[in-house]
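For reference, the structure discussed in these notes is given below.
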Amino acid sequence: MTETDIAIVGCGPKGLYALDSLCEAARRSPRHRFSVHIFEPSAHPGAGPIYDPGQPEVLLMNFPAGLINAWTGGRGPSFLEWAARSPKPVDAGDYVPRAHVGRYLFWSFERVVAQAPSNVRLIPYKTRVEAVNRNGDQWQISPQNITVDHVLITTGHQDGFRQGEADTRNHIPSPFPIDQRLTQTAVPPNSTVRCKGFALTFIDTILALTEGRGGVFTLSATGYNYAPSGQEPRRIAPFSRSGRPMRAKVEAALFTQPKDDAFWDDRRAELSHILRTPTATFTNHIWPAFLSFADEVLGNPSGTSADFFTHRTKTTFTPDEIRQDLRIGYDIAMGRRAQDSAWALAEVWRRCYPQLINWISHRELPPDDAHHFRQIAAEMERLAFGPPAQNIGKLITLEQAGIVSFDHMSGEVAADVTINATIPPAGGAELAAPLDGLLRDGHLNIGTMGGVRVDKDAHALTRDGTAKGLSVIGRATEGCVLGNDTLSRSLHDLPENWAAAVVQSARQSNALEPSL
């Protein structure tokens, strides 16, 4: 009986999910043997650098704790069930520290390894893969010089490893991993910092450089007060092309939904009818329905949400407009102000997102429709998937204290240190190793939505078909597969499909072996 050799390149959450799925599929096929080479340079496989358990506890998820689950089919505990064993309770609506989630993911990885079936041999490598090259009917992993039958690449955001960028005395290409990149040597106390980007990574950066250095936030009547430690930078100046900030996620305990579940059931049923129409497009059918739903949520006249969105996306925010928008979003999230069109659109986007994922994923939209979707999705990311309300409250306080400045959104400001707090977009332009080489050699194809194209089993699609034995799951496929950033396993079944396909391939190969 032959042994199937597999490589999993990158073992953060998506690599963990794939490994778990493979072990379960192999368990049901005990006559076949598998060697799995796991390449993950971080010290905590399953978590990776984004969920590093060692990062400051002040960095929070923007994903409710109740939706985090590393398992399917009840094979292991959800995050809430796992966290119930610790002295500090966690509620389903809590936005918990990423480090805490990282400990859960690392624990889950160790559990998968400990419970792997006897026909699966796991071989870990604490190293980075620089290249994957075709070698006959197999794939060669370099520089380790290992040849495998199947390779799965789940390298995620690849933060901190941008091609052509390295840490210098005054330039930090990514804040991750926080404990290595944002040290007091790299970013000295009382220094002036320019920060490229104005989204979630920027907020992580400012909290790491303030609260993470001993500054203390205390609740006030309108938000927070801040007591500096003396170790923070003197000034942090973000810069962004649009200047448009993210909206706060609501505090569920303080917030009253204007519509009940029956309303949303009806809206989703209406959307399902639209999505089943063979000629449906995002531009002409789906997005107009979302705008209409948002008007219905607040009882606004038809066209209110469309006018709001058009005006917002054509506006480059001034410092005063940034302050106003942050405060409005924060007050809405805390139940202190009536909901506005931004909140209504965000709620529609969130509530209908699973249906949108199912409709768009693995679909090649016409170029004009794809372009329109990508423009709208970029703005909806700011409105619907922002940080917890407490983080926006802290940002408001740091700006009022003069530590954060909104006055240099063009980036034209002298600074001691510049931090790139953006996340590379999905697609071919900024793929890092080993994906860049695979794209160059024609083993990958970028779709109209900007991501690496894969089929429903995660197999990489070339211009002419499928790259046999090559699969990709996660951030690099964003667009071809929508919503990769979630830690929920309920939205996507790519890990399970990939594992089933690998095991089925092994069965077929063994069936073709000559009997002795």
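Data for the structure
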read-out: Integer Hz, Karplus 6.51/-1.76/1.60 couplings in order for region 317-330, x for Gly and Pro; value: 6, 7, x, 5, 5, 4, 4, 5, 5, 4, 5, 4, x, 5
read-out: Region 1-123 shape via C-alpha gyration tensor axes, a/c threshold 1.5; value: prolate
read-out: Inter-label distance, nm, simple model (7 Å from Cα along the C-beta direction), T127/E270; value: 5.8 nm
read-out: Region 162-241: relative contact order in percent, alpha carbon pairs under 8 Å with at least 6 residues between; value: 34 percent
read-out: C-alpha center-to-center spacing [region 224-265, region 107-136] in angstrom; value: 38 Å
read-out: Fraction of antiparallel bridges per DSSP, the chain only, in percent to nearest 5; value: 35 percent
read-out: Cross-link table K88/K394; K14/K249; K314/K456; K196/K456; K196/K314, entries beyond 31 Å C-alpha to C-alpha; value: K314/K456; K196/K456
read-out: Of all accessible heavy-atom area on region 326-422, the percent that carbon and sulfur account for (1.4 Å); value: 47 percent
read-out: Region 208-315 pair-distance distribution - Cα-Cα, 5 Å bins, rounded %; value: 2, 8, 11, 13, 15, 13, 10, 9, 9, 7, 3, 1, 0
read-out: Linear extension gain, S86 paired with H371, 0.36 nm per residue minus alpha-carbon span; value: 98.0 nm
read-out: For D5, distant residues with modelled amide H under 5 Å away; value: S35, D149, H150
read-out: Compactness index (Cα Rg / 2.2 N^0.38 Å), region 268-363; value: 1.21
read-out: Q231 paired with N135, simple spin-label distance in nm, labels 7 Å along Cα-to-beta-carbon; value: 4.7 nm
read-out: Farthest positive-ward along region 84-126 dipole, Cα basis, beta-carbon charges - from P87, G102, V113; value: V113
read-out: Per residue, in Å², the accessible surface of the chain once ligands and nucleic acids are set aside, probe 1.4 Å; value: 43 Å²
read-out: Kirkwood Rh, angstrom, region 64-113 [1 / mean 1/r, Cα pairs]; value: 11.0 Å
read-out: Rel. contact order, % - alpha carbon contacts under 8 angstrom, at least six apart, the chain; value: 20 percent
read-out: Debye equation applied to the C-alpha atoms of region 161-247, log10 I(q)/I(0) at 0.16 Å⁻¹; value: -0.69
read-out: Net charge of neighbours whose Cβ lies under 15 Å from the Cβ of L67, counting Lys and Arg as +1 and Asp and Glu as -1; value: +1
read-out: Label point distance in nm, E321-A262, each placed 7 Å from Cα along Cα→Cβ; value: 4.1 nm
read-out: Calculated P(r) tail over 23 Å for region 378-516, as whole % of Cα pairs; value: 55 percent
read-out: Reciprocal of mean inverse Cα separation for region 13-75 (Kirkwood radius, Å); value: 14.1 Å
read-out: Counting all C-alpha pairs of the chain, share separated by more than 43 Å (%); value: 18 percent
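The values are calculated or read from the model by the stated rules, or taken from the named source; none is laboratory data. Predicted model, so just to flag it, every value in this text is computed and none were measured. Methodologically, a virtual Cβ is constructed for each residue, glycine included, from the backbone with ideal geometry; neighbour enumeration extends over all protein chains shown. Side chains are part of the model used for accessible areas, which takes the heavy atoms of the whole protein and leaves out ligands, DNA and RNA. Shrake-Rupley method; radii C 1.70, N 1.55, O 1.52, S 1.80 Å.
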